[in-house]
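*Asks:* The structure that follows is given in the form of structure tokens.
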Amino acid sequence: MVKSPSSAELIGQLFGGDRQAAARLITRVENRTDDHQEIMKQIYPRTGHAMIVGVTGSGGVGKSSLTDHIIQKFRARGQTVGAVLVDPSSPFSGGAFLGDSIRLQRHTRDDGVFIRSLASRGYRGGLSRATYDVTRIMEAMGRDVIIVETLGAGQDEIDVVHIAQTCLLVISPGMGDDIQAMKAGIMEIADIIVINKADLNGAENCRRHMEAALNTRSFTQGQWVPRVIPTISVATKPALLRGIEALMDAIADHQKFLHATGAMEKAKLDRIEQELGHIFRDELQKLVVQSLEQTGKKETYIRHILDGRSDPYSVVHEILRTCIRQENGERGPTRSDGDD
Ligand SMILES: Nc1nc2c(ncn2[C@@H]2O[C@H](COP(=O)(O)OP(=O)(O)OP(=O)(O)O)[C@@H](O)[C@H]2O)c(=O)[nH]1
Ligand SMILES: [Mg+2]
């Protein structure tokens, strides 16, 4: 039987850009193996240098088709790329998900491209945390650019966009999602608005609508004003494709803007803040569950609430106090080293 490599071996290979090592480490982190935190701690210092582009929008607007072109353009410039495809609704859109893999499959033989799909597989720390972790792992591989494709449907997905420095909101004509997008406040997070499927009726209308919506917003001097770019990302022949170069230029301009104005640092801080929140919630929950299991008090608490002897708020506070006491007791309250 072949012995599976240690995480330390895999981390070494990851730093050399090895895709297989990356895939295996991601699986270990997703599965919360005993050493998953150690893995993340070791790779973390090697992260923070990639360009991160978010691609969000409703289902079927053409996010993956655009991602495919963007990957190809970066590759043509000699840059290595990682792509995370977040698909929280995969049980319902199995077909579309399959479409993702087929469309993006042409990159599988290119070592400079590493793609990972995150379907809703019941991640223990939640899909958002998985996305944050996977993005860090791709950075530690030395990828120059990372693209995060996410369905812009709910708050969770919008949260994921905080990973990105440059966020593309993709819409397409005739889906009414231009209106929806504005309602959901999703426009505020878009640095570039892509009107894909510009070959369809209503594209021009959609563009005017978007520009009008932008005009109603006031931008202070020195603030980035979102660009509106029409694209055709799937066509019967390459000559009919449109807007991809313009989109690449807009991404480059936005990145330049971030670097020139100091907004890049804000984007990075924003990412860390979100990441910290995810890890914190996840770890706290783990601690509470552990404590409940150890004390065997779960049933009692629930019974007390039902009997009116307590309420969920008091129970949660009591559990947290117990957890903190236990944690201090185990580690010793006077110890100041935090290196375990
Ligand atoms: N007419 C037209 N169709 C397009 C264009 N771009 C994509 N499509 C089609 O739209 C469908 C959805 O494209 P995808 O790229 O999978 O869209 P997506 O937003 O990634 O979809 P999900 O990941 O399922 O949300 C496919 O059938 C594409 O062929 C375009 O520019 N014009
Ligand atoms: Mg897709």
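The values are calculated or read from the model by the stated rules, or taken from the named source; none is laboratory data. Since the model is a prediction, treat every value here as computed from it, not as a measurement. Neighbour counts are summed over all protein chains in view; Cβ atoms, including those assigned to glycine, are modelled from backbone coordinates with ideal geometry.
*Asks:* How many residues are more than 6 Å from ligand 1 (Cβ to nearest atom) and farther than 19 Å from ALA250 by Cβ if we restrict to segment 59-75?
*Replies:* 0
*Asks:* If you scan segment 277-326, which residues turn out to be loosely packed, with under 15 Cβ neighbours inside 10 Å, of a type outside the set (Gly, Ala, Ser) and not in a helix (DSSP H, G or I)?
*Replies:* Selection gives ASP307, ARG309, ASP311.
*Asks:* Given (1) at pLDDT below 90; (2) surrounded by fewer than 18 Cβ atoms within 10 Å (Cβ to Cβ), where does LEU200 come up short, assuming only one miss?
*Replies:* (1)
*Asks:* Still on this structure: Applying the selection to segment 223-242, what residues are surrounded by fewer than 19 Cβ atoms within 10 Å (Cβ to Cβ) and assigned to a loop (DSSP other than H, G, I, E, B)?
*Replies:* Of everything in segment 223-242, those that are surrounded by fewer than 19 Cβ atoms within 10 Å (Cβ to Cβ) and assigned to a loop (DSSP other than H, G, I, E, B) turn out to be GLN223, TRP224, VAL225, VAL234, ALA235, THR236, LYS237, LEU241.
*Asks:* Kindly indicate which of GLU245, GLU188 is assigned to a helix (DSSP H, G or I) and modelled with pLDDT under 95.
*Replies:* GLU188
*Asks:* Would you say LEU284 is farther than 30 Å from PRO230 by Cα, within 22 Å of the chain's Cα centre (by Cα) and not assigned by TED's automatic domain parsing to the domain that holds VAL170?
*Replies:* Yes.
*Asks:* Of all residues in segment 168-185 being modelled with pLDDT of 70 or more and away from ligand 2 (no atom under 16 Å from the Cβ), which is nearest to LYS41 (Cα to Cα)?
*Replies:* PRO173
*Asks:* May I pose another question? Out of segment 44-58, which residues are touching a strand residue (DSSP E or B) at 6+ places or on another chain (Cβ under 6 Å) and either within 16 Å of ligand 1 (Cβ to nearest atom) or at pLDDT below 95 (or both)?
*Replies:* VAL53, GLY54, VAL55, THR56, GLY57
*Asks:* Give ALA83, ALA130, ALA119 a once-over and let me know the one that is modelled with pLDDT of 70 or more, among the aliphatic types (A, V, I, L, M) and away from ligand 1 (no atom under 15 Å from the Cβ).
*Replies:* Answer to the selection: ALA130.
*Asks:* So which residues in segment 46-65 are assigned to a loop (DSSP other than H, G, I, E, B) and more than 11 Å from ligand 2 (Cβ to nearest atom), if there are any at all?
*Replies:* Listed by number, the residues that qualify are THR47, GLY48, HIS49, ALA50.
*Asks:* Kindly establish whether LYS268 is more than 17 Å from GLY62 (Cα to Cα), surrounded by fewer than 17 Cβ atoms within 10 Å (Cβ to Cβ), among the charged types (D, E, K, R) and touching a residue at least 24 places away in the same chain (Cβ under 8 Å).
*Replies:* Yes.
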